[in-house]
Amino acid sequence: MLKEGEMSLEQLYKMLHVSKRKAAWMLNNGIIPCWIRPTKTHRYIILREDVDAYLQKKRADRRKEIPVGIFNAKPTRRKVEINHQPMDSATIAECYITLSDDCRDEYKAHVDKRLKYFSDALSVEQAAEITGYGKGMILYHIEKKDIRAVFISGKYIISKAAIADFLVSDTAFEIVNKSEWHMNTILKFTKKKE
């Protein structure tokens, strides 16, 4: 039985919005301190204050503690052509797991420019068509609150600004198999920065 101020593995992974496997790896590798009991169930006892201390760290510092790609599915390799030059999208996806803060505003302006001619209010279907992702994925990120949307007359309405904010977010950069439109947006931005 957990005491006040203690958490289980199940509570931890739900709080951090990570997989159970990733949460267990973090505990086993000391990213978040805990007691590990020699039992098959309820092995981990985590103090809430240790989790709060972990969450107080900057996101960039937290990412450095976990090897990139260790919990991602192996990306499918496919070719993306930019200016008739094939580029390996798996390599690009692995390189762009995070976006440095100093160029985030520039990237946001680049995304806004690519979305300029679309309507300001979009349905899930339109957002999916624009970004190249499936309706299910758009709905998944709406439910996770990664994409802001309002529910009106039985359907979600998404602002163009909310789509842009999502595409600039760390969550979008963590997508391993990015859509062709999303990948092209990133690649065109990197060409401008070279």
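Hey, any hits in the stretch 8-22 for a residue that's surrounded by 16 or more Cβ atoms within 10 Å (Cβ to Cβ), modelled with pLDDT of 85 or more, of a type outside the set (Val, Ile, Thr) and under 25 Å from Ile163 (Cα atoms)?
yes
State which residue pairs qualify: first residue free of Cβ contacts under 8 Å to residues at least 40 places away in the same chain and inside the stretch 119-132, second residue aromatic (Phe, Trp, Tyr) and in a strand (DSSP E or B) in any location, beta carbons under 7 Å apart, and separation of 6 or more residues or different chains.
Cβ pairs passing all conditions: Val124/Tyr156.
Yes or no: Lys160 closer than 23 Å to Asp105 by Cβ, in contact (Cβ under 8 Å) with a residue 24 or more places away in the chain and assigned by TED's automatic domain parsing to the domain that holds Asp120?
Spelling it out, Lys160 is indeed closer than 23 Å to Asp105 by Cβ, in contact (Cβ under 8 Å) with a residue 24 or more places away in the chain and assigned by TED's automatic domain parsing to the domain that holds Asp120.
Please find, among Ile46, Ile32, the residue that is under 19 Å from Lys64 (Cβ atoms) and surrounded by 12 or more Cβ atoms within 10 Å (Cβ to Cβ).
Just a single option satisfies the conditions, and that option is Ile32.
Out of curiosity, is Tyr133 buried (at least 18 other Cβ atoms within 10 Å of the Cβ) and not in a helix (DSSP H, G or I)?
Answer is yes for this residue.
Show the residue pairs meeting these rules: Cβ distance below 8 Å; 6+ apart or different chains; first residue within the stretch 15-41 and assigned by TED's automatic domain parsing to the domain that holds Ala53; second residue exposed (fewer than 11 other Cβ atoms within 10 Å of the Cβ) and at pLDDT below 85.
The qualifying pairs are Trp25/Ile70.
The values are calculated or read from the model by the stated rules, or taken from the named source; none is laboratory data. What you are looking at is a predicted structure, and each value in this text was computed from that prediction instead of being measured. Here the Cβ is made from the backbone with ideal geometry for all residues, glycine too, and neighbour counts use every protein chain on show.
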